[in-house]
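K.L.:
Before I ask anything, here is the structure I am working with.
The values are calculated or read from the model by the stated rules, or taken from the named source; none is laboratory data. Everything quoted here is computed from the prediction, not taken from an experiment. Positions of Cβ are generated from backbone atoms using ideal geometry, with glycine treated the same way; all protein chains shown enter the neighbour counts. All accessible areas refer to the heavy atoms of the entire protein, side chains included, with ligands and DNA or RNA removed. Shrake-Rupley method; radii C 1.70, N 1.55, O 1.52, S 1.80 Å.
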Amino acid sequence: MSNLFTPNQPEAPLAERLRPKTLDEVVGQSHLLAANKPLRLAFQSGKLPSMILWGPPGVGKTTLARLIANTAEADFIPISAVLSGIKDIREAVERAELTLQQHGRKTILFVDEVHRFNKGQQDAFLPFVESGLITFIGATTENPSFEVNSALLSRAQVFVLNALSEAELSLLLDRAQQLVAENVKLADDVREQVLAYADGDARRLLNFVEGLFNAAEGAGVTEIDEAFLQTTMASKLRRFDKGGEAFYDQISALHKSVRGSNPDAALYWFLRMIDGGADPLYLGRRIVRMAIEDIGLADPRAQGMAIEACQIYERLGSPEGELALSNVVIYLAVAPKSNAAYNAYNQAKAFVAQDKSRPVPLHLRNAPTKLMKALDYGKEYRYAHHEPEAYAAGVDYFPDDLHDKNTVPQFYMPTPRGLEGKITEKLKHLKELDNQALAKKAKK
């Protein structure tokens with residue numbers, strides 16, 4: 001069997017030295033690896049299916065693939081979709097055939113970042129997966145529903161891996177200290193910052209603390225405090241603190257700079273957070289929220305642009321995706337502002353929550369059966385498209401017991417800014433048509 005693990009030697013990177021050698025050493029993914037959980041049962045049965053491991057970076061996808069090969073006593077061939085092509089796939093298949101013929105041993109083919117392979121490259125695996133020559137394991141950070149061919153997806157079981165929790169990262173940090181810095185103490189606030197910086201990524205955590213412990217050893221430091229952390233690792237750590245006060249302060253500054261129509265300040269805070277290690281897609285979600293909450297219907301394009309920027313980042317990654325997000329930050333900052341739709345949503349939600357359940361008026365009900373028609377469902381309904389200006393003037397769409405104009409709520413109050421200026425004019429015009437229709441009806 002191939003050598004799956006780098007020997008536990010001091011010169012090996014810390015992340016490699018701490019790589020689990022058994023399933024019980026794996027930190028995290030208890031939803032898959034705990035007793036009676038899917039992947040644990042597959043390990044125990046020895047009948048491992050082809051699979052796709054989907055999850056964020058640094059959560060153990062490669063480690064699990066190696067452990068699977070070790071448990072199954074199979075040859076392990078790792079390839080990267082970033083660096084490999086059809087030629088590498090063919091060579092892997094030839095090696096698998098030779099291993100089976102000469103040693104009677106199966107092969108596990110591990111493809112890292114499988115979403116990077118195109119359709120033709122992914123199709124190249126299919127005959128050998130179907131024949132059982134290889135057990136295919138693909139690792140991806142992207143949604144396999146969109147990035148993996150349906151034919152390959154149908155032949156593989158998908159296991160979703162989660163980002164590591166703070167408690168799980170803390171356990172890894174303890175293991176790292178015991179291995180390379182047993183006599184070095186971390187101040188509590190430093191420990192919190194280091195765990196926050198890792199952001200659920202074990203590899204990121206171990207690479208960072210390896211540098212931190214090396215710096216402490218070189219300086220003869222036995223306790224790492226805030227000052228030492230900032231002096232030695234500030235270029236990596238910055239002042240980004242996911243989940244802490246500094247993190248939320250920066251998010252607040254970004255949001256308020258956009259709301260305050262200052263594109264330069266908005267861009268500054270956005271890039272401060274990117275530079276500090278914030279997840280660009282998390283910032284993307286916050287940017288979508290800004291478009292919804294602070295621009296709204298004053299410029300409906302803003303929401304679509306924000307969503308598209310997130311999709312661009314998911315497809316292209318850095319730096320193109322970050323540039324797309326920064327474009328939207330600038331656009332939102334200079335766009336006309338309105339929270340009228342946001343306020344309308346909150347007010348309508350509160351009204352419905354405290355109001356009683358009111359029946360739908362008869363004229364708004366559908367009447368697909370004779371009985372419903374006999375009960376006057378849909379009677380006197382006016383089809384707007386058959387009315388002048390495609391508007392049925394004077395029709396009430398609220399429940400009957402809210403028809404009194406003194407009690408009918410008005411949730412949406414558009415501003416005069418951007419598109420909402422035109423919406424205001426239109427609603428005013430429709431109101432005039434309503435008044436004319438009601439006055440005409442009153443005279444009859």
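K.L.:
Tell me the label-point distance for the pair LEU402, ILE330, using the 7 Å Cα-to-Cβ offset, in nm and rounded to one decimal.
P.N.:
4.4
K.L.:
Further question: How far is helix 340-354 tilted, in degrees, relative to the longest principal axis of the Cα atoms in the chain, given as a value from 0 to 90 rounded to the nearest 10?
P.N.:
It works out to around 80 degrees.
K.L.:
Could you state the accessible area per residue of segment 1-132 in Å², with a 1.4 Å probe and every protein chain left in place? Please report the intermediate quantities before stating the final value.
P.N.:
Numbers: 6580 Å² over 132 residues.
Ligands and nucleic acids excluded, the result is 50 Å² per residue.
K.L.:
For a Förster distance of 56 Å, can you work out the FRET efficiency between the beta-carbons of ALA227 and TYR383, rounded to the nearest 0.05?
P.N.:
On the way: r = 74 Å, r/R0 = 1.31.
Step by step, r from the Cβ atoms, then E = 0.15.
K.L.:
In addition: Taking the Cα atoms only, what angle lies between the long axis of helix 263-276 and the longest principal axis of the chain, rounded to 10 degrees?
P.N.:
30
K.L.:
Also, quick follow-up: Taking 8 Å as the Cα distance limit and 6 or more residues as the minimum spacing, I'd like the relative contact order of the chain as a percentage. Before the final figure, lay out each step's value.
P.N.:
Working: 591 pairs, mean separation 47.7, N = 444.
Relative CO of the chain lands at 11 percent.
K.L.:
Give me, ordered by chain and number, the residues 5 or more places off MET51 or on other chains with an amide H under 5 Å from its own placed amide H.
P.N.:
PHE136, ILE137, GLY138, GLN157
K.L.:
May I ask you to order 409-419, 257-267 by the average number of other C-beta atoms within 10 Å around their residues, highest value first? Show your work: numbers first, answer last.
P.N.:
Numbers: 409-419: 16.0, 257-267: 18.0.
The packing order, highest mean first, is 257-267, 409-419.
K.L.:
While we're here: Over segment 317-444, with the other protein chains present, what is the accessible area per residue in square angstrom, probe 1.4 angstrom? List each step's numbers first, then the result.
P.N.:
Details: 9130 Å² over 128 residues.
It amounts to 71 Å² per residue over segment 317-444.
K.L.:
Moving on to the next point. Can you tell me the dipole magnitude for the chain around its Cα centre, using point charges on the Cβ only (Lys, Arg +1; Asp, Glu -1), in Debye to the nearest 20? Could you put the intermediate results ahead of the total?
P.N.:
Working: 52 positive and 56 negative charges, 427 e Å.
Its charge dipole is roughly 2040 debye.
K.L.:
I need the peptides 84-93, 380-389 ranked by packing, meaning the mean over residues of other C-beta atoms within 10 angstrom, with the highest value on top. If you can, show how the numbers build up before the last one.
P.N.:
Numbers: 84-93: 15.5, 380-389: 10.3.
Sorting 84-93, 380-389 by mean packing, highest first, produces 84-93, 380-389.
K.L.:
Sequence gap at least 6, Cα distance under 8 Å: using those rules, report the relative contact order of segment 45-166 to the nearest whole percent. All intermediate terms of the calculation are to be shown ahead of the outcome.
P.N.:
Values: 202 pairs, mean separation 50.1, N = 122.
Normalised by residue count, the contact order of segment 45-166 is 41 percent.
K.L.:
Given labels modelled 7 Å from the Cα in the Cβ direction, how far is it in nm from THR22 to THR71?
P.N.:
Distance between label points: 1.3 nm.
K.L.:
Give me the percent of the accessible area of the chain that comes from carbon and sulfur atoms, probe 1.4 Å, all protein chains in place. Could you put the intermediate results ahead of the total?
P.N.:
On the way: 12790 of 24410 Å².
Carbon-and-sulfur percentage of accessible area, whole number: 52.
K.L.:
Relative contact order (percent) for segment 289-346, with alpha-carbon contacts under 8 angstrom and 6 or more residues of separation?
P.N.:
Values: 63 pairs, mean separation 28.2, N = 58.
This gives 49 percent for segment 289-346.
K.L.:
Hey, another quick one. With unit charges on the beta carbon (Lys/Arg positive, Asp/Glu negative), name the residue among CYS310, ALA139, ALA298 whose Cα is farthest towards the positive pole of the charge dipole of the chain.
P.N.:
ALA298
K.L.:
Quick one: Cα centre-to-centre distance for segment 329-350 and segment 163-215, in angstrom?
P.N.:
41
K.L.:
Within 10 Å, count the other beta carbons around each residue, average over each peptide in 122-129, 391-398, and list them highest first. Provide the component values of the computation, followed by the final result.
P.N.:
Details: 122-129: 17.5, 391-398: 15.8.
Sorting 122-129, 391-398 by mean packing, highest first, produces 122-129, 391-398.
K.L.:
Assuming R0 = 35 Å, what is the FRET efficiency of LYS441 and SER261, from their Cβ-Cβ distance, to the nearest 0.05? The partial results should precede the final answer.
P.N.:
Numbers: r = 46 Å, r/R0 = 1.31.
After rounding to 0.05, the efficiency reads 0.15.
K.L.:
Cut-off 20 Å, label point 7 angstrom out along Cα-to-Cβ of ASN162: give me the residues of segment 54-74 whose amide nitrogen falls inside.
P.N.:
Output list for this probe position: 54-65.
K.L.:
Go through LYS373/LYS428; LYS337/LYS426; LYS370/LYS443; LYS256/LYS356; LYS370/LYS431; LYS422/LYS443 and tell me which ones have a Cα-Cα distance over 29 Å in this structure. Mind showing how you got there, number by number?
P.N.:
Working: LYS373/LYS428 35 Å; LYS337/LYS426 19 Å; LYS370/LYS443 34 Å; LYS256/LYS356 37 Å; LYS370/LYS431 35 Å; LYS422/LYS443 32 Å.
Those over the limit are LYS373/LYS428; LYS370/LYS443; LYS256/LYS356; LYS370/LYS431; LYS422/LYS443.
K.L.:
How large is the charge dipole for segment 14-136, taken about the Cα centre, if only the Cβ atoms of Lys, Arg (+1) and Asp, Glu (-1) carry charge, to the nearest 20 debye?
P.N.:
Details: 15 positive and 13 negative charges, 53 e Å.
Using Cβ point charges on Lys, Arg, Asp and Glu, segment 14-136 gives about 260 debye.
K.L.:
Same structure, new question: Report, in debye and to the nearest 20, how large the dipole of segment 306-355 comes out about its Cα centre when Lys and Arg carry +1 and Asp and Glu carry -1 on their Cβ. Don't skip to the answer; put the middle values down first.
P.N.:
Details: 3 positive and 5 negative charges, 40 e Å.
The calculation lands at about 200 debye.
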